[in-house]
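Participant: Below is the structure I would like to discuss, written out as structure tokens.
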Amino acid sequence: MAPSLSNLTILSLPYISFLLQAIVLAVGASGHPHQEHLQTIVQRKTTPENHIRIRAGAPFKIALFADLHFGENAWTDWGPQQDVRSIKVMSSVLDTETPDFVVYLGDVITANNIPIANASLYWDQALSPTRSRGIPWASVFGNHDDAPFVWPIEWFSAPGIPQLVCPVVNSSYSGELECSFRGTSRLALMKNEMDNNLLSFSRNGPKDLWPGISNYVLQVLSVETPQTPLVYLYFLDSGGGTYPEVISSAQVEWFKRLSEEINPDSRVPELIFWHIPSKAYKKVAPIFRIRQPCVGSINKEKVAAQEAEMGIMKILVERPSIKAVFVGHNHGLDWCCPYRKVWLCFARHTGYGGYGNWPRGSRILEINEDPFSVESWIRMEDGSVHSKVILT
Ligand SMILES: [Zn+2]
């Protein structure tokens with residue numbers, strides 16, 4: 001079904017007049033329910049504290065926060081210190097770049113280190129620097145986000161197994177604090193985020209794709225031409241944790257149907273976000289040094305790709321409007337390489353949690369409307385910038 005005029009009418013209602021640019025959830029599920037979703041979002045976004053303010057004629061800028069890994073070893077001093085350092089990284093990036101939007105690109109928390117019943121406590125901490133600056137965001141799941149608790153092996157080397165003391169975390173978030181070893185489900189994490197944050201554009205995605213949850217699309221609209229979106233942002237759940245690390249054939253079908261429905265002639269450019277690199281990343285990976293046409297600064301490990309390729313890449317390369325795919329997962333890689341006509345990019349390890357000691361940073365995307373372009377670079381924690389590349 002093609003997007004009906006009524007959808008666009010909804011988008012041009014008065015609220016849009018005080019926005020120079022707006023992001024609106026367009027379609028959350030297969031079939032036809034996007035009109036209903038649009039109305040919901042428009043209502044939410046009319047609340048006064050929830051405007052997306054962008055200067056006239058300014059580019060639309062997104063910061064990617066990848067692999068924050070909040071909540072590691074909370075029973076030690078070391079763990080919470082890492083989270084404090086991760087907050088500093090995000091704060092530094094947000095203050096230097098002042099992005100219009102943030103994408104949390106998975107592994108927001110290290111759930112296999114979190115023995116409390118509701119890991120949203122840590123998820124919420126990871127969102128806090130963005131929320132406190134009034135910047136809207138969207139998130140996708142990584143393989144660590146809903147993993148069950150794994151007992152540290154050193155706990156078994158002392159005489160007997162020590163009593164587990166669930167960590168008490170200083171947070172305004174009213175999560176449950178009792179112990180749990182099963183992890184917090186993707187659905188619970190996402191519901192907590194959506195229910196408690198007006199600035200969140202994240203979605204549960206269509207039910208027939210569950211247990212993959214973070215499958216949805218956002219459209220970026222400029223107020224001057226609300227009938228033509230600037231760009232579509234697609235978010236997919238690449239699995240891991242409680243189920244296989246794949247983009248399933250059901251997700252492929254969903255993406256195909258949805259993209260043909262909302263952007264039938266591929267007129268509007270499209271960008272893709274998920275956590276675990278697809279196998280195509282292996283095909284384009286630099287062997288040793290990063291050379292043209294690839295652009296990046298670290299190539300320190302092998303691509304840890306999804307378990308199988310079930311057709312998503314074929315669709316992406318054949319669709320003229322797809323410009324780039326952005327993933328996290330590999331903390332020691334930050335390059336972009338072309339794969340046929342689509343750029344495959346890693347973000348940059350943002351958090352102090354997770355493996356690796358490469359300096360932390362954030363991949364930035366700057367989208368310009370006329371003519372359309374996507375420029376990207378990496379902003380480091382210390383304020384430096386590198387690896388500028390044009391992705392269109
Ligand atoms: Zn990670």
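Participant: Efficiency by 1/(1 + (r/R0)^6): what FRET value for residue 95 and residue 388, r their Cβ-Cβ distance, R0 = 25 Å, to the nearest 0.05?
Facilitator: Efficiency computed from Cβ-Cβ geometry: 0.80.
Participant: Once amide H atoms are built 1.01 Å from N in the peptide plane, which residues 5 or more positions from residue 221, or in another chain, come under 5 Å H to H?
Facilitator: Counting only residues 5 or more places away or on other chains, the set is 22, 23, 24, 230.
Participant: What residues have an amide H closer than 5 Å to that of residue 104, excluding those fewer than 5 places away on the same chain, when H is modeled at 1.01 Å from N in the peptide plane?
Facilitator: HN-HN under 5 Å from residue 104: 65, 138, 139, 140.
Participant: From the phi angles alone, apply the Karplus equation (6.51, -1.76, 1.60; θ = phi - 60°) to region 283-299 and give each ³J(HN,Hα) in whole Hz, x where the residue is Gly or Pro.
Facilitator: Working through the residues one at a time gives 5, 9, 4, x, 6, 9, 7, 7, 10, 4, x, 6, 9, x, 10, 10, 9 Hz.
Participant: Give the percent of DSSP beta bridges with both residues in region 275-378 that are antiparallel, rounded to the nearest 5.
Facilitator: Taking every DSSP beta bridge with both residues in region 275-378, the antiparallel ones total about 75 percent.
Participant: If the cut-off is a Cα-Cα distance under 17 Å, which lysines reach residue 300, setting aside same-chain residues fewer than 8 apart in sequence?
Facilitator: Residue 300 reaches 282, 283.
Participant: What chymotrypsin sites (Phe, Trp or Tyr not before Pro) in region 283-344 are in a loop by DSSP, with at most 10 other Cβ atoms within 10 Å of the Cβ?
Facilitator: Sparse-neighbourhood loop chymotrypsin sites (Phe, Trp or Tyr not before Pro): 288.
Participant: Sort region 215-262 into rounded, prolate or oblate with this rule: let a ≥ b ≥ c be the square roots of the eigenvalues of the Cα gyration tensor; rounded if a/c is under 1.5, and if a/c is not under 1.5, prolate when a/b is larger than b/c, oblate otherwise.
Facilitator: It is oblate, given that a/c is not under 1.5 and a/b is not larger than b/c.
No lab work stands behind these numbers, since they all come straight from the coordinates. Because the structure is predicted, anything quoted here is derived from the model rather than measured. Glycine also receives a Cβ, built like all others from the backbone with ideal geometry; neighbour counts cover every protein chain displayed.
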